[in-house]
1. Can you tell me which residues in the stretch 706-735 are among the aromatic types (Phe, Trp, Tyr) and surrounded by 15 or more Cβ atoms within 10 Å (Cβ to Cβ)?
2. Condition test on Val534, is it of a type in the set (Val, Ile, Thr), modelled with pLDDT of 70 or more, open to solvent by 50 Å² or more (accessible area, probe 1.4 Å) and more than 30 Å from Ala712 (Cβ to Cβ)?
3. Name the pairs whose Cβ atoms lie under 7 Å apart, with the first residue in the stretch 635-664 and within 19 Å of Leu600 (Cβ to Cβ) and of a type in the set (S, T, N, Q), the second open to solvent by 20 Å² or more (accessible area, probe 1.4 Å) and part of a loop (DSSP other than H, G, I, E, B), and 6 or more positions between them or separate chains?
4. Give me a count of the residues in the stretch 410-425 that are touching a strand residue (DSSP E or B) at 6+ places or on another chain (Cβ under 7 Å) and surrounded by fewer than 16 Cβ atoms within 10 Å (Cβ to Cβ).
5. Can you give me the number of residues within the stretch 403-455 that are in a loop (DSSP other than H, G, I, E, B) and at negative phi?
6. Failed condition for Gly319, given (1) of a type outside the set (Val, Ile, Thr); (2) in a loop (DSSP other than H, G, I, E, B); (3) under 30 Å from Ala251 (Cβ atoms), with all others met?
7. Go through the stretch 141-168 and count every residue that is under 19 Å from Glu200 (Cβ atoms), open to solvent by 40 Å² or more (accessible area, probe 1.4 Å) and modelled with pLDDT of 90 or more.
8. Of (1) of a type in the set (A, V, I, L, M); (2) in a strand (DSSP E or B); (3) closer than 30 Å to Arg152 by Cβ, Val259 satisfies all except one. Which?
Amino acid sequence: MQVKDTVPGAIDWRAIFMDSPTATCIVGVDERIVVANAAFAALIGRDAAEALAGLPFDQLTPLHGIEGAPAFGADRGTAFLVRSDGECRDVTFAARALPDGSRLVTLSDVTEDKCFVCKIFSSRDKFRTTVDDQTELVCRFQPDLTVTVVNRELAALCGTTPREFVAGTLRDHLPPATVAAAERFIAEAAPGSAPESSEEPWPNPDGTTRWITWRRLAVFDAGGRLTAIQTVGRDTTHRRLAEQERIRLAAMINRSPVVGVVWRTEGRLPVEFVTDNAGRRLRIAGARLAADSGGFLDVVHPDDRAALAGWVAACPEVGAPWQMPVRIVNDDGETRWVSASGWRSGPGRMEAVLLDITAQRAASMALRERERRFRAIFDHTFEFIGLLDTGGRMIEVNETALRFIGATEDQMRGKYFWDTPWWAHAPADQERLKAAVARAAAGAFLRFETTHTAPDGAVMHVDFSLRPIYDGDGAVIYLLPEGRDITHLKDTEAALLAAKREAEAANRSKTNFLAVMSHELRTPLNAILGYSEVMQTGLFGPVGSERYKGYVDAIHLSGRHLLGIIDDILEVSRIELGVLELSEEVLPVGELVSRAAQILTNRAAEAGVTLEFDVPCPLPWLRCDARRVIQMLVNLTFNSLKFTRRGGTVTIAAAGRPDGGVDLAVRDTGTGIAPEDLVKVWEPFGQAGTAHTRPAGGVGLGLSITKALIEAHGGTISLHSELYKGTAVTLSFPAARCEHQEEPQALPLPVA
């Protein structure tokens, strides 16, 4: 609404309103300020009253009513005012409704007057401070579980404030277990009953649990009516965990195989303490070990008491624990072996741990028996076996080695291994053995061949080895020398080497013969081919009869075929003699395939076979002997053309590999190769199939030559074939021979 004059010349109520020293404003039904005077603006900490019009009233006057009630829930009352500058003021307020639904609100600053309500609040604050300063959890509630007092510590534990906590009941904030305990206490409370204490779980938000010990006191009025319950709680989680840890440790000790004992060092060794597991582990009752019942010596076997007493007397005041095996007699009269590890823990006082080793001693006895059996095997094996320390001195040696030199173990024990009769005949081997011992002591395994000479002069070839033996910490503690008689193997090896040399000599003779014969045969063949070609072309006139012309063609064709065979034989001879040399250059893969295609297209057309090419672009360039690569492709393709029926297909393909290498493959749809012939085809002059199944032509050198050529390039060759389905041969060049350059456009390949 607006405050305005209704009659001209009447009293200026607006001016009176604006100039009034009482802080006054009009608040509309929308809770926004319609108009406010200067006193109101000054009280709430604003500079100009005109700027307040239209602003939310609650935003400008954050009044906090008593006990959380709305500041203007009544016509008048007292409140705390928090000014815009943060200063707190005590005010009284009055609110009066106007006809249009708005309200006229006046405020009075009574901070300086210290009104009665402020004094009440002051005393409340002192009480609240006293309660909130407590580290315990304080709560007072009525029999219906309505909360009347709670301190900040408990409210914070519940994730709320004291004011919000008091607004509810115990059920709204405390865990169900605590609420149930409170209800049970209320049901059982009676005048004069003593306070109750109980420890209850308190779940944490993170899933863990803390423990609270509550002390509850029932308050009754003069008429014996229960009026309130006063409770104080204390977080006892650490104490409970410590108790649980103590119980866990006690249970762990009780399950442990080790029994702890503390005794005095005088007389019968009176026992001051023994762990609870003595009865279960040693079957000795604790009462039997009590100080007033004698002492620890009374449970020791009579034959061991003097030794134990001497052991106790000799135990030093400081240092590592002393150990001693001793027999005890348990409550059942059974004798058990225990290992006692003891140390001085003060003047006249000793602590020890006892471990039942009866089973271990039985196992030790069994181990000794196994060692006896091992010794029987060790001494009767056919090998020479010994044991050295890391310096090379003899510790053990088996009977087999001793019989060879006609000596005893006592004569050899302690000697340096290289000074024994096994090595004395060969000074060079002695020095070699010294070096081997040094290396083996550093952790190396050594193996070499040597000879041993028996007293009768017989020489034995020996395969000798020397290996280190480690302890549990990885340190070399022993060396194990072993010698195996390989005399018969050396004899066999010598015979095999002689046979190998003879075979190699024969093979070289064959290769040299083939090389010489190939050269000798090429000379007359060149003449035959030259003259027949002159006759074919009619260089000096016609031959005459047409039949002669056919003979000349046959002579020329047969001569060329024979020349190709001789060239292959000569190539094999060069390979076997190791004179194969590569003339390398860097070329695109497509150009290599294109050159081979020029040689192959006519042959494919004559065979009635479709020749296809699959050479993608780009591909790496290949560093190779171009003539040899083309020769390999021609050899493989000629084979495919020979074994592919008319109407079939032969494909030359190229592809890059993920490792950077390049594959060249020749695939056909021919007759394939039987599994039993897959090895034979790689041998010189080896051919698959039979005279009835393979076509005429060739002597079986193509694949062997191709294999040698690809291996000379550092590559490999692989063959996959299925009978009556076809064959695929792949030449794989390594990445080291491939150079990634800009590939030119694919060369035109002829089509058969």
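The values are calculated or read from the model by the stated rules, or taken from the named source; none is laboratory data. Just so it is clear, the model here is predicted, and its values are computed rather than measured. Using ideal geometry, Cβ is built from the backbone for each residue, glycine included, and neighbour counts are taken over all protein chains shown. For the accessible areas, the whole protein counts, side chains as well, though only heavy atoms, and no ligand, DNA or RNA atoms are used. Shrake-Rupley method; radii C 1.70, N 1.55, O 1.52, S 1.80 Å.
1. Applying the first criterion (among the aromatic types (Phe, Trp, Tyr)) to the stretch 706-735 yields 724, 733.
Across the stretch 706-735, the qualifying residue is only Phe733.
2. Values: of a type in the set (Val, Ile, Thr): yes; modelled with pLDDT of 70 or more: yes; open to solvent by 50 Å² or more (accessible area, probe 1.4 Å): no; more than 30 Å from Ala712 (Cβ to Cβ): yes.
Here the answer is no, as Val534 does not meet what is asked.
3. Thr644/Thr669; Thr649/Thr669
4. Selection size over the stretch 410-425: 4.
5. Our first condition is that a residue be in a loop (DSSP other than H, G, I, E, B); within the stretch 403-455, this holds for 406-408, 413-415, 420-426, 442-445, 454-455.
In the following step, the residues that additionally are at negative phi were identified as 407-408, 413, 415, 420-426, 442, 444-445, 454-455.
Of the residues in that region, 16 qualify.
6. (3)
7. Filtering the stretch 141-168 for residues under 19 Å from Glu200 (Cβ atoms) gives 141, 145, 147, 150-151, 153-159, 165.
Keeping just the survivors that are open to solvent by 40 Å² or more (accessible area, probe 1.4 Å) gives 153, 156-157, 159.
Next, only the ones that are modelled with pLDDT of 90 or more stay: none.
Residues meeting the conditions: 0.
8. Of (1) of a type in the set (A, V, I, L, M); (2) in a strand (DSSP E or B); (3) closer than 30 Å to Arg152 by Cβ, only one is false for Val259: (3).
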